[in-house]
1. Rolling a 1.4 Å sphere over the protein heavy atoms, what is the accessible area per residue of the stretch 76-201, to the nearest Å²?
2. Quick one: check the C-alpha center-to-center distance for the stretch 67-87 versus the stretch 122-163, whole angstrom.
3. What is the percent carbon and sulfur in the accessible area of the chain, measuring with a 1.4 Å probe over the protein chains and ignoring ligands?
4. Angle between the Cα long axis of helix 108-120 and the longest principal axis of the chain, 0 to 90 degrees, nearest 10?
5. Quick one: angle between helix 75-94 and the longest Cα principal axis of the chain, in degrees between 0 and 90, rounded to 10, please.
6. Which residue fluctuates most in the GNM of the chain (Cα springs below 10 Å): Leu44, Leu153, Leu29?
7. I'd like the orientation of helix 37-50 relative to the chain: the angle between its Cα long axis and the longest Cα principal axis, in ° from 0 to 90, rounded to 10.
8. When the solvent-accessible surface of protein heavy atoms is calculated with a 1.4 angstrom probe, in what order do Val130, Val187 fall, highest first?
Amino acid sequence: MATNITWHPGLTHDERSKFRGQGGLTIWLTGLSASGKSTIATALEQHLLHNGLAAYRLDGDNIRFGLNKDLGFSEKDRNENIRRIAEVSKLFADSTTISITSFISPYRADRDQARALHDKDNIPFVEVYVDVPVEVAEQRDPKGLYKKARAGLIPEFTGISAPYEEPLNPEIHLHSDKTSVEESVQVIVDYLVEKGYIKAL
């Protein structure tokens with residue numbers, strides 16, 4: 001860890017919000033593989049952008065193949081994966097962009113750390129639990145990962161051979177086997193409006 005660095009203060013989050021006319025926050029989608037997280041996150045990003053709001057989605061495609069390509073799927077690497085995502089997401093949110101993360105993020109302690117990181121700088125953090133029975137996720141299995149995990153080809157696969165710790169008090173709890181993508185997006189948007197994070201769209 002570098003010790004010869006000094007923090008140089010710049011614009012505050014409130015000052016950026018005033019200049020850009022938008023506040024930033026992180027919307028953290030968590031849930032099993034094939035729960036629908038990425039589909040909902042993509043639709044939410046498109047909806048917000050269509051309505052003139054700066055939004056950006058972080059997911060496995062743009063994180064695991066770049067910033068975190070040096071990490072595997074052991075518990076230690078999963079922890080570091082989420083730590084880095086939380087830091088990047090906070091930077092986006094601090095820039096007054098609506099940061100949307102879509103990761104399994106199976107460990108409660110890691111998600112709590114991500115929240116604490118935002119809380120420290122008074123940046124809103126909205127945890128969205130995309131809940132689905134593992135049986136339904138297995139039926140969906142768009143990438144064939146559950147089938148491989150059941151065959152023992154993927155070690156430490158969340159929901160099969162590795163744990164998923166459900167959120168205890170998420171701001172939003174979606175049941176993706178009962179709610180459409182469009183309805184899920186509307187639930188999130190309604191919450192953001194209710195809390196004053198965005199204006200009514």
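1. Per-residue accessible area for the stretch 76-201 comes out at 52 Å².
2. 17 Å
3. For the chain, the apolar C and S fraction of the accessible surface comes to 53 percent.
4. Helix 108-120 sits at roughly 0 degrees to that axis.
5. It works out to around 30 degrees.
6. The residue with the greatest mean-square fluctuation here is Leu153.
7. 30 degrees
8. Val187, Val130
The values are calculated or read from the model by the stated rules, or taken from the named source; none is laboratory data. Here the structure is a predicted model, which means the values were calculated and not measured. All Cβ positions, glycine included, derive from the backbone under ideal geometry; neighbour counts span all protein chains shown. These accessible areas exclude ligands, DNA and RNA; they are computed on the full protein's heavy atoms, side chains included. Shrake-Rupley method; radii C 1.70, N 1.55, O 1.52, S 1.80 Å.
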